[in-house]
Amino acid sequence: MLDGRVRKNIRAGTAVAVVLKADQPTGALTWGRVAEILTNSSTHPHGIKVRLTSGQVGRVQQIYNDE
């Protein structure tokens, strides 16, 4: 599985699991596809922040390969 802390691993349409801000204390994951990458830096220690196609915003914890 690819590292969700590295921006180059993520593109629009990528299937990911993110932690939403409200779920940070529990670490509950939300599944979806990336609509937009919000983090500008090449890496982030807590995960790259993205907006999902559902409109939810969270930090990527897991990246899934669709192939």
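Taken about its Cα centre, segment 7-67 carries a charge dipole of roughly 220 debye when the Cβ of each Lys and Arg holds +1 and the Cβ of each Asp and Glu holds -1.
If the chain linking His44 and Tyr64 were pulled fully straight, counting 0.36 nm for each residue of separation and taking away their Cα-Cα distance, it would gain 5.3 nm.
In this simple spin-label model, placing a label point 7 Å from the Cα along the Cα-to-Cβ direction at both Ala22 and Val57 gives a separation of 1.5 nm. For the peptides 15-25, 32-42, residues were scored by their other Cβ atoms within 10 Å and the scores averaged per peptide; the highest-first order is 15-25, 32-42. Rolling a 1.4 Å probe across the protein heavy atoms gives segment 8-59 an accessible surface of 59 Å² per residue. Across the accessible surface of the chain, with the other protein chains kept in place and a 1.4 Å probe, carbon and sulfur atoms take up 49 percent. The residue among Ser42, Gly4, Val57 whose Cα reaches farthest toward the positive pole of the charge dipole of the chain, with charges on the beta-carbon of Lys, Arg, Asp and Glu, is Ser42.
The values are calculated or read from the model by the stated rules, or taken from the named source; none is laboratory data. Since this is a predicted model, take the numbers as computed values, not measurements. As a convention, Cβ positions derive from the backbone with ideal geometry for all residues, glycine included, and neighbour counts pool all protein chains shown. Calculation scope for accessible area: heavy atoms of the full protein, side chains included, ligands and nucleic acids excluded. Shrake-Rupley method; radii C 1.70, N 1.55, O 1.52, S 1.80 Å.
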